[in-house]
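Read the structure below first, then the notes.
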Amino acid sequence: MKIFAYSIREDEKPALKDWEQAHPDVEVAYTDELLTPETAALAKGADSVVVYQQLDYTKETLEALAAVGVTNLSLRNVGTDNIDFDAAKALHFNISNVPVYSPNAIAEHSMIQLSRLLRRTKPMDEKVARHDLRWAPTIGREMRMQTVGIIGTGHIGRVAINILKGFGAKVIAYDKYPNPELQKEGIYVDNIDDLYAQADAISLYVPGVPENYHLYNRESIAKMKDGVILVNVSRGNLMDIDAIIEGLDSGKISDFAMDVYEHEVGLFNEDWEGKPFPDPKIADLIARDNVLVTPHIAFYTTKAVSEMVHQSFDAAVSFAKGETPKIAVKY
Ligand code: COI
């Protein structure tokens with residue numbers, strides 16, 4: 001059995017090596033190149049391909065892969081928003097993703113950022129770096145004094161809730177499909193507007209599907225408390241960045257942390273040092289004391305990366321054997 005993997009990064013290689021050692025019967029080949037119509041032929045002879053990329057899996061790409069006899073596609077990430085599912089269906093592709101690689105990685109990052117905003121670590125670190133060791137005016141706020149609204153109580157949202165409970169914060173939550181355990185705890189508000197009205201800070205854990213498009217927008221922000229803190233580590237298309245900037249400018253939003261951005265492809269995970277920065281809105285946000293911008297790193301831990309590699313390769317083997325892995329995408 002042969003598996004071909006695309007866009008393998010240096011940081012994935014230790015996990016890949018472990019997996020190969022545990023599966024000596026499987027031949028693994030890989031490239032650091034993206035899967036495109038031009039590179040699809042590299043997978044010729046493979047039973048399955050494994051890939052992670054933000055570049056779209058277009059009809060042309062899928063056709064090129066099918067043309068070399070490969071219709072098993074295992075993603076090393078969770079998001080499937082960049083797949084042309086109509087084309088995949090017509091070409092009879094089997095697809096898997098990794099829906100749960102490490103909820104803690106993402107939940108922890110979001111809550112670390114929320115705590116950093118509350119304790120104003122960005123301006124304090126900057127002061128310390130220039131040897132200004134005075135306390136004032138960089139006074140913080142305590143997590144236990146906050147009502148934190150969690151939108152989306154799947155795997156990641158639930159870990160965030162547990163972290164918040166550890167801090168002693170009051171947690172309220174909203175989900176279209178409430179979790180029965182949390183329901184018993186009485187954590188849910190009746191509707192999302194109640195959460196907007198009550199929360200001092202809000203963090204999102206929902207997928208970037210069309211129904212959630214720009215959940216943080218002018219209208220929803222207007223319903224929030226004055227001085228609300230917003231966090232988004234989930235998907236860039238969940239927020240209207242212009243509405244966020246307006247909210248920061250007016251003081252309606254006191255602090256903001258973002259790990260994702262609607263136009264992040266080609267911007268994040270690139271080194272812009274010494275080069276013209278291409279996105280003035282993000283440059284403006286990065287420069288603010290009360291804003292934390294991170295380049296889609298919430299997932300980026302050794303544990304998560306290892307799970308992404310191991311689970312996707314396991315799924316690729318299942319497909320190659322004619323089986324349906326648990327993490328097959330139903331479409
Ligand atoms: C996903 O798994 O879809 C993510 O958002 C993380 C990705 C950048 C690897």
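Between segment 88-143 and segment 230-300, how far is it from one alpha carbon centroid to the other, in angstrom? Cα centroid of segment 88-143 versus Cα centroid of segment 230-300: 12 Å apart. Translational diffusion of segment 1-66 was estimated from the Stokes-Einstein equation, with Rh taken as the Kirkwood radius over Cα pairs; at 25 °C and 0.890 mPa s the coefficient is 199 µm²/s.
Taking one quarter of the surface of the convex hull spanned by the alpha-carbon atoms of segment 43-83 gives a direction-averaged projected area of 2.6 nm². Enclosing the Cα atoms of segment 36-161 in their convex hull gives a volume equal to 159 cubic angstrom per residue.
Of all stretches in the chain that contain no GluC sites (Glu not before Pro) in a DSSP loop with at most 14 other Cβ atoms within 10 Å, the longest one is 143-269. Of all beta bridges that DSSP places with both ends in the chain, some 5 percent have antiparallel geometry.
Between ASP32 and GLU20, the distance separating the two model label sites (each 7 Å from Cα on the Cα→Cβ line) works out to 1.5 nm. For segment 128-278, the normalised intensity computed at q = 0.08, 0.12, 0.13, 0.17 Å⁻¹ comes to -0.26, -0.58, -0.67, -1.04 (log10 of I(q)/I(0), Debye sum over alpha carbons, equal scatterers, no solvent).
For PHE93, the solvent-accessible surface with a 1.4 Å probe is about 10 Å², rounded to the nearest 10. Cut-off 13 Å, label point 7 angstrom out along Cα-to-Cβ of VAL68: give me the residues of segment 2-37 whose amide nitrogen falls inside. Hits in segment 2-37 for VAL68 at 13 Å: 3-7, 29-37. Starting from the Cα of ASP125, step 7 Å toward the Cβ, then list every residue of segment 152-169 with an amide N under 20 Å from that point. Answer for this model: none.
Just to confirm, what accessible area per residue do you get for segment 1-140 at 1.4 Å probe, in whole Å²? Result: 50 Å² per residue. Here the label points at LYS223 and LYS281, each 7 Å from Cα along the C-beta direction, are separated by 2.2 nm in the simple model. The Cα atoms of segment 83-157 cover 64, 30, 19 Å along the three principal axes, with the biggest extent listed first. What's the carbon and sulfur percent of the chain's accessible surface, probe 1.4 angstrom, rounded to a whole number? Accessible surface attributable to carbon and sulfur in the chain totals 52 percent.
Per residue, the convex hull spanned by the Cα atoms of the chain amounts to 158 cubic angstrom.
The values are calculated or read from the model by the stated rules, or taken from the named source; none is laboratory data. Here the structure is a predicted model, which means the values were calculated and not measured. Note: ideal-geometry Cβ built from the backbone for every residue, glycine included; neighbour counts use all protein chains shown. Only protein heavy atoms, including side chains, enter the accessible area calculation; ligands, DNA and RNA are left aside. Shrake-Rupley method; radii C 1.70, N 1.55, O 1.52, S 1.80 Å.
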